[in-house]
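The values are calculated or read from the model by the stated rules, or taken from the named source; none is laboratory data. None of the values given here were measured: they were computed from a predicted structure. Here the Cβ positions follow ideal geometry from the backbone for every residue, glycine too, while neighbour counts run over all protein chains shown.
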Amino acid sequence: MKKHGLHELYAKDPVKADEQVFKRTSNALSRRGFIKGLKSLSLLLGAEVVYGQFMPAGLIPAAFAQADTPFSIEGKDGLIILNDRPLNAETPAHLLDDVVTPASRFFVRNNGIPPQEPDANSWTLTIEGESAAQSKTFTLEELKTQFKHYTYQLTLECGGNGRAEFSPAATGNQWTTGAVGCPRWTGVRLKDVLQAVGVKETAVYIGYYGDDQHLSRTPGKAAISRGVPISKAMEEESLIAWAMNDEPLPLMNGYPLRLVFGGWPASTSGKWLKKIVIRDRVHDGAKMLGKAYRIPCKPVAPGADVEDKDMCIIEAMPVKSLITFPRSGSDHLLSKSLNVRGHAWSGEGRVAKVHTSIDFGQTWQVAQLSLPANRHAWQQFSTTLNFPQQGYYEVWAKAEDEHGKSQPMVLPGWNPKGYLNNACHRIAVRVV
Ligand SMILES: Nc1nc2c(c(=O)[nH]1)N[C@H]1C(S)=C(S)[C@@H](COP(=O)(O)O)O[C@H]1N2
Ligand SMILES: [Mo]
C-alpha cells in the first residue's frame, strides 16, 4: 500500500485525514502512551503545535484521541458502537450539535437484553413496595388519561461517560464523550403517580424494574434495578415518559415507557419500565450495591483498593461541557475567525459560565451562554476565536456551575469504576 504524507492527506480531505492519522498513529502511540518531543509531534500532526510549550506532558493530542468508525443501529445515525452484547453506542461530539438532541443521535446503554417487541397496548406499570400505601397497576393508557402530561428537556448522561480516559484504566464500556444527550421528554410526573398510589412516611427511595433480561437470561434476575432518593423522585421534572421529541421512545431507549431523572446518572432512568417499588430503605436492586455506580466517599489515590463500605452512591452529575462545532480535526483559515459552539450542563444547578482556551489553558476567553429551557436542560455556549498564526491548536472548553465549581483540565478524582470524568473537552483545529 502506498504511504501518504499527512500533508497530502490533509489536503485531500481533512476529515478523512484525521481518521487516517488516527489509524496510522494508533499503533505507534496508544491512547495512554506518551509522545516525546514537540518536533516529532508536529511532524505527525502535519502542523506546528503553536502553544506546544503549554501542552501538558504526556497528553495525547485531540487530533488522535478520537477514533471514528461508522456503525449502524436501526433508527440511529452515526453512533459509534462500543459493545454489541449488550449493545452500547455513543455519539460523536459533532453529531450532538442540535440544541435538542434528535432521537437518532441519543446514545444507547444497555446492561442486559432488551425486550424484543414490547407491546404498548398491553403494557402495565405496577407501583408497590414497603412504603407504598397499596399495590396498584396502571395500563399505559390509564397513565396517559388519568394524569396531567408534562414535557421537559432533560439531560441524561451515563455515569461512566469519559471512562476511557482514566488511568489506571477502569473496566466497563470505554465511553469517550458521547454518552450524553438532551432531548425533550413527555410523560407524567412520577410524583403524581406515586401520590395517587399513596406514599407512606417511611419512604426513603424508589427502585425500578424493567422488562429487559439479565445477560445470563436467568428468569427473574434483573440486569439492572436502580433508583433515586424519594426527594429526587418527587421533583417536578422527574418523569415517567413515553415520548422523546414528540415521538414514541425508540426501542433501544426504553419503548414504550421509562423513567427520566435529568441531571442524575442516567442509570437511574429505568427503561422498559414495568415496576416501581417505594422503599423504606435505600433500594438494594442490581447495580445499587458494591462498587456499581458508586465512588469512594473520600478521595483516594489512583489505583487504590477501596472497600465496598467506603463507596458512596453517585447522586447529581458534575458540571461539564462539550464542543459540538467545529468537528475535531477540521482545518480553518487563518484569515477568518472561528465560531465555536457546544453545550454545558450540571446536575447540581445551572451553568454560570463557559470559558474557552486555544493555548492549553494559559488564557481563557468567556463564551456567550444561553439560559436552560428548564431545570436540568443543557445550555448552549458560543464564542468567536482568532488565531495568531498558522499551526496546530486545541480548543478547550471549561464550564463553571452556579456554585463556583468548574471542570478540571485533565482528569478529576480517580475511582475504581471510572465514573464522573468531567474533564474539559477539547478539539483539534489546524489553522492554515
Ligand atoms: N431497564 C433498564 N434501564 C436502564 C438500563 C438498562 O440496561 N436496563 N441502563 C441504564 C443506564 S446505565 C443508562 S446510562 C441509561 C441509558 O439510557 P439510554 O440507553 O436511553 O441512552 O439507561 C439506564 N436504564
Ligand atoms: Mo450508565
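What the table shows:
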item	result
Every residue from segment 171-207 that is in a loop (DSSP other than H, G, I, E, B) and within 16 Å of ligand 2 (Cβ to nearest atom)	171, 172, 173, 174, 175, 176, 177, 178, 179, 182
Hits in segment 368-387 (condition: within 15 Å of residue 154 (Cβ to Cβ) and surrounded by fewer than 17 Cβ atoms within 10 Å (Cβ to Cβ))	374, 375
Of the criteria (1) assigned to a loop (DSSP other than H, G, I, E, B); (2) modelled with pLDDT of 65 or more, which one residue 36 fails	(2)
Hits in segment 204-248 - residues which are touching a strand residue (DSSP E or B) at 6+ places or on another chain (Cβ under 9 Å) and without any contact (Cβ under 8 Å) to a residue 12 or more places away in the chain	219
Selection from segment 369-394 of residues that are touching a residue at least 60 places away in the same chain (Cβ under 8 Å) and of a type in the set (A, V, I, L, M)	373, 377
Segment 138-164, residues that are acidic (Asp, Glu), away from ligand 2 (no atom under 13 Å from the Cβ) and not in a helix (DSSP H, G or I)	none
Subset of segment 269-287 [away from ligand 2 (no atom under 14 Å from the Cβ) and either β-branched (Val, Ile, Thr) or at positive phi (or both)]	272, 276, 277, 278, 282
Filter result (crowded, with 17+ Cβ neighbours inside 10 Å and touching a His at 6+ places or on another chain (Cβ under 8 Å)) within segment 205-259	205, 206, 207, 222, 223, 225, 226, 227, 237
Selection count where residues are of a type in the set (Asp, Glu) and touching a Lys or Arg at 6+ places or on another chain (Cβ under 7 Å), scope segment 312-347	1
From 112, 181, 160, residue being in contact with a Gly (Cβ under 8 Å, 6 or more places away or on another chain), touching a residue at least 12 places away in the same chain (Cβ under 8 Å), assigned by TED's automatic domain parsing to the domain that holds residue 271 and within 14 Å of ligand 1 (Cβ to nearest atom)	160
Unmet requirement for residue 200, which otherwise passes all of (1) at pLDDT 95 or above; (2) buried (at least 21 other Cβ atoms within 10 Å of the Cβ)	(2)
Options 290, 262: the member that is away from ligand 2 (no atom under 13 Å from the Cβ) and surrounded by 23 or more Cβ atoms within 10 Å (Cβ to Cβ)	262
Entirely in segment 250-354, the strands (runs of 3 or more DSSP E) that have 3 or more residues that are touching a residue at least 60 places away in the same chain (Cβ under 8 Å), of a type in the set (A, V, I, L, M, F, W, C) and away from ligand 1 (no atom under 16 Å from the Cβ)	none
Hits in segment 208-230 (condition: assigned to a strand (DSSP E or B), more than 16 Å from ligand 2 (Cβ to nearest atom) and either more than 13 Å from residue 277 (Cα to Cα) or of a type in the set (A, V, I, L, M) (or both))	213
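Yes/no per residue for (1) closer than 18 Å to residue 184 by Cα; (2) within 15 Å of ligand 2 (Cβ to nearest atom); (3) surrounded by 21 or more Cβ atoms within 10 Å (Cβ to Cβ); (4) modelled with pLDDT under 90:
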| residue | (1), (2), (3), (4) |
| --- | --- |
| 63 | no, no, yes, yes |
| 80 | no, no, no, no |
| 85 | no, no, no, yes |
| 88 | no, yes, yes, no |
| 102 | yes, no, no, no |
| 119 | no, no, no, no |
